[in-house]
Amino acid sequence: MTDDVRERKRNVLGWVLVALIAALLLRLVIVSAAVTTTSTSTSGSTAVALVSSLAPIALAGSATAPISPGVTAPLDVQLTNPYTAAVTVTGLRTTVLGVDAPNADALHPCTVADFAVDQALIGLEVTVAAGATTTLGSLGVPPASWPQVGMVARTVNQDGCKGSSVRLDYSAAGDLER
């Protein structure tokens, strides 16, 4: 193998390593946190990093109604902008990460498969004023466009999910207005 080929391989491997590190850092910048969700109520908080900055804006959400098998409830996400300029937030995504089910046992399991998220409307874009705290509802976004969380109606007994907590992960992109 010639020195030129070895140098090209080293360069390619270097760029691959840089890309992997950048992807990991981006995932770390988009902060994840637990959201408490039970079969009767939901609430929680997390933070979303801005694309143009490492400082996060805060997100919190509470379901507008109880959830149970076959029933979903919208999450009226609250956004807090700590900046002196408006922030535009896009691509709001919610994922079920895990379940804490104190009533689950071998006969009455409760897993991530018992819960589902309907994502916020694709293309949803909201602008949060400088230094403001607001919700999707206050911004005029209709509840049908908010993310929703609920229990999947399965054919098995789901009593193990009573009183459970669901951990959700929020992610989004944001840009400071200029």
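The values are calculated or read from the model by the stated rules, or taken from the named source; none is laboratory data. These numbers come from a predicted model, not from an experiment. Cβ sites come from the backbone with ideal geometry, for glycine too, and all protein chains shown count toward neighbours.
Observations, loosely collected:
- Against the test of being under 21 Å from the mean Cα position of the chain (by Cα), assigned to a strand (DSSP E or B) and of a type outside the set (S, T, N, Q), the options Val141, Val117 yield a single qualifying residue, Val117.
- Scanning region 64-85 for residues that are under 14 Å from the mean Cα position of the chain (by Cα) and either outside the structural domain of Asp169 (by TED's automatic domain parsing) or part of a strand (DSSP E or B) (or both) returns Pro74, Leu75, Gln78, Leu79.
- Between Arg167, Arg93, the distinction of being of a type in the set (D, E, K, R), closer than 20 Å to Ala60 by Cα and crowded, with 17+ Cβ neighbours inside 10 Å belongs to Arg167 only.
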